[in-house]
Amino acid sequence: MNILLIGSGGREHALAIAIAASPLTGELFVAPGNPGTSGIAANVALDIEDHAAVVAFCHARAIGLVVVGPEAPLVNGIADSLEAAGVPVFGPSKLAAQLEGSKGFTKDLCKETKIPTAAYERFADPAAAKSYIRGRGAPIVVKADGLAAGKGVIVAEHLPEAEAAIDMIFGGAFGAAGAEVVVEDFLEGEEASFFALCDGERAIALASAQDHKRVGEGDTGPNTGGMGAYSPAPIMTDEMVERTMRQIIEPAVRRMKERGTPYRGVLFAGLMIGKKGPQLIEFNARFGDPETQVVLPRLDQDIVPLLLACARGNLPDAPVKLKDQTALTVVFAVNGYPDAPERGSLIGSLELASGVNDVTITHAGTKLDGDKLLANGGRVLNVTALASNVSDAREKAYQALAMIDWPGGFFRNDIGWRAVKRERGEA
Ligand code: AMP
Ligand code: GLY
């Protein structure tokens with residue numbers, strides 16, 4: 001079967017590796033892809049916003065499955081256009097993608113279905129929001145309702161910061177995504193990412209992961225898209241996974257079906273694990289980046305039948321088979337990321353590092369200039385290692401990183417610190 005994968009990041013390179021490994025895959029196309037995916041698939045320059053062009057490509061190339069990586073095309077209804085044209089698609093419809101596209105929508109759904117989450121209110125007016133904030137006290141969390149490229153959440157330690165966030169969002173910092181605001185209580189605990197596969201009717205657990213969002217060591221400095229990750233997340237014990245499925249994933253899937261907007265694809269729950277167990281911070285309608293780079297290497301079965309089953313509405317009952325191993329990925333980012341990324345620097349050969357056993361290098365923000373590989377984004381490479389435990393995975397990943405000659409980039413030296421400490425019995 002021919003498959004089209006949409007996206008261009010490290011997540012999509014990891015998906016491309018898994019899809020290309022399937023005996024069911026005929027030709028694999030990636031739109032637009034990156035220099036990493038070009039080695040294992042055909043990159044195509046499709047305008048993803050032009051749904052008619054995407055549909056025409058699918059017909060011309062006899063595409064039997066489209067896999068959508070990022071959230072923006074989903075929220076823009078790419079799955080609806082493909083489905084209407086009879087092309088099976090892994091990824092939710094526009095209305096189902098509201099679970100990521102509107103924080104207010106998701107909070108209301110949590111309230112209706114009793115999904116554990118922080119207490120909240122929705123506001124379309126700054127004065128009312130500020131008065132609620134003053135009544136509630138700090139710390140408190142202010143969120144733009146819509147998609148804001150990961151920047152629309154302000155965790156305010158003090159009231160003036162929360163009020164300034166209200167002014168910033170209603171002042172248009174995020175455009176239409178900030179026409180409405182959600183204000184919610186601050187949750188305490190440890191964060192984890194959880195992924196479930198959904199076929200519209202039901203969901204099965206895929207895997208857990210934890211990422212490091214801050215740019216600096218010791219989890220300090222500004223937030224980024226993620227500087228590294230590992231899977232599984234030690235805090236996601238079997239019991240915690242079972243509770244997450246029962247209390248969070250299954251009620252959401254059930255309610256989406258009842259609303260007439262069944263959810264198909266991967267449902268990514270950002271969780272806070274605290275004294276009360278798992279609480280939902282947010283849903284995403286797609287795989288995580290860099291979580292995908294650590295979840296997929298652990299998959300011990302062909303990914304394509306799973307993706308197809310989500311698209312067709314016939315997920316099997318059997319649990320997903322995972323290797324009893326830990327994967328850890330370190331992001332190699334461009335100097336200056338995230339505030340002032342210095343693009344264009346030359347990346348030396350990746351051959352030596354790729355040769356380390358059980359290490360995979362995925363590309364994110366790279367571009368080819370002739371045969372030269374250049375940095376072309378904030379997060380540029382991911383170095384992922386698979387091993388029997390997190391300490392060994394970490395050692396292998398850093399061993400490979402040391403073999404990459406790229407003075408224009410930097411990485412955190414402490415990815416996985418919390419899990420390593422736990423493994424050593426120090427936490
Ligand atoms: P989100 O984009 O909703 O995942 O939020 C980004 C980050 O803000 C999360 O990963 C958390 O670290 C933090 N965050 C969001 N909501 C809360 C909350 N209610 N309590 C504590 N931290 C939060
Ligand atoms: N790493 C977090 C995300 O993909 O949203």
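The values are calculated or read from the model by the stated rules, or taken from the named source; none is laboratory data. Source: prediction; values computed, not measured. Neighbour counts are summed over all protein chains in view; Cβ atoms, including those assigned to glycine, are modelled from backbone coordinates with ideal geometry.
Being of a type in the set (S, T, N, Q) and under 16 Å from residue 379 (Cβ atoms) is the filter here; which residues of segment 316-356 pass it? Don't jump to the end; show me each part of the working.
Keep residues of segment 316-356 that are of a type in the set (S, T, N, Q), which gives 325-326, 329, 335, 345, 349, 354.
Residues satisfying the conditions are 329, 335, 345.
Checking residue 151 against (1) among the charged types (D, E, K, R); (2) surrounded by fewer than 18 Cβ atoms within 10 Å (Cβ to Cβ); (3) under 25 Å from residue 272 (Cα atoms); (4) at pLDDT 95 or above: exactly one of these is not met. Which one?
Only one criterion in (1) among the charged types (D, E, K, R); (2) surrounded by fewer than 18 Cβ atoms within 10 Å (Cβ to Cβ); (3) under 25 Å from residue 272 (Cα atoms); (4) at pLDDT 95 or above is unmet by residue 151, namely (4).
Assess whether residue 209 counts as being within 17 Å of residue 287 (Cα to Cα) and either away from ligand 2 (no atom under 16 Å from the Cβ) or of a type in the set (D, E, K, R) (or both).
When the stated conditions are applied, residue 209 does not pass them.
Could you please find all residues in segment 327-345 being surrounded by fewer than 24 Cβ atoms within 10 Å (Cβ to Cβ), in contact with a Gly (Cβ under 7 Å, 6 or more places away or on another chain) and farther than 22 Å from residue 149 by Cα?
345 - this is the single residue of segment 327-345 that is surrounded by fewer than 24 Cβ atoms within 10 Å (Cβ to Cβ), in contact with a Gly (Cβ under 7 Å, 6 or more places away or on another chain) and farther than 22 Å from residue 149 by Cα.
So, in segment 97-116, of the ones that are more than 16 Å from ligand 2 (Cβ to nearest atom) and crowded, with 22+ Cβ neighbours inside 10 Å, which residue ends up farthest from residue 152 (Cα to Cα)?
Of everything passing the filter in segment 97-116, 115 is farthest from residue 152 (Cα to Cα).
Considering (1) part of a helix (DSSP H, G or I); (2) surrounded by fewer than 24 Cβ atoms within 10 Å (Cβ to Cβ); (3) within 16 Å of ligand 2 (Cβ to nearest atom), say which one residue 295 fails and leave the rest.
Result: residue 295 passes all but (2).
Within segment 210-217, is even one residue in a strand (DSSP E or B), within 16 Å of ligand 1 (Cβ to nearest atom) and charged (D, E, K, R)? Break it down into steps so the answer makes sense when it comes.
First pass over segment 210-217, keeping only residues in a strand (DSSP E or B): 210-211, 214-216.
With the extra rule that they be within 16 Å of ligand 1 (Cβ to nearest atom), the set shrinks to 210-211, 214-216.
Now narrow it down to the ones that are charged (D, E, K, R): 211, 214.
The answer is yes; a qualifying residue exists.
Report whether or not residue 283 is out of contact with any Phe, Trp or Tyr (no Cβ under 6 Å at 6 or more places or on another chain), within 16 Å of ligand 1 (Cβ to nearest atom) and part of a loop (DSSP other than H, G, I, E, B).
So residue 283 does not fit the description; no.
Residue check: is residue 386 surrounded by fewer than 19 Cβ atoms within 10 Å (Cβ to Cβ), part of a strand (DSSP E or B) and in contact (Cβ under 8 Å) with a residue 60 or more places away in the chain?
When the stated conditions are applied, residue 386 does not pass them.
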